[in-house]
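Enquirer: A single structure is presented below for examination.
The values are calculated or read from the model by the stated rules, or taken from the named source; none is laboratory data. These numbers were taken from a predicted model, which means no experiment stands behind them. Here the Cβ positions follow ideal geometry from the backbone for every residue, glycine too, while neighbour counts run over all protein chains shown. Areas reflect the complete protein model, heavy atoms only, side chains present, ligands, DNA and RNA absent. Shrake-Rupley method; radii C 1.70, N 1.55, O 1.52, S 1.80 Å.
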Amino acid sequence: MSTEGSKLTGSLGFAQVGEVLENAQNLISHDSLDLSGVTSIDSAGVSLLLELTRREQAKGNALLIRGANRRVRELITFFRVGELLQFESGEGSQS
């Protein structure tokens with residue numbers, strides 16, 4: 001997992017959550033988070049997205065998630081948390 005500004009690349013799973021949380025302030029200092037480079041995700045990755053969203057909401061901001069691929073959207077739909085996350089138009093809110 002690597003980060004470039006507000007873009008995450010590689011696997012977003014349990015093993016990477018700690019690293020991403022350490023860089024959360026830099027990641028969420030932007031209004032959006034780009035997931036277009038994420039190749040795989042697990043439940044810990046979904047929890048991370050929820051935590052980053054919660055942190056932004058606590059500051060009175062919204063976090064827009066961009067570039068979520070099919071795998072990311074399917075897992076978010078499976079866990080029924082799509083309504084808790086704000087996706088770029090047309091992403092993530094499938095039922």
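Enquirer: Could you grab me the full set of residues in region 30-46 that are assigned to a strand (DSSP E or B) and open to solvent by less than 60 Å² (accessible area, probe 1.4 Å)?
Expert: 32, 33, 34, 35, 37, 38, 40, 41
Enquirer: Here are the criteria: (1) open to solvent by 60 Å² or more (accessible area, probe 1.4 Å); (2) without any contact (Cβ under 8 Å) to a residue 24 or more places away in the chain. Tell me which single one residue 77 does not satisfy.
Expert: (1)
Enquirer: Of the residues that sit in region 1-29 and are among the hydrophobic types (A, V, I, L, M, F, W, C) and either in a strand (DSSP E or B) or over 17 Å from residue 63 (Cα atoms) (or both), which one is modelled with the lowest pLDDT?
Expert: Applying the filter and picking the extreme gives 1.
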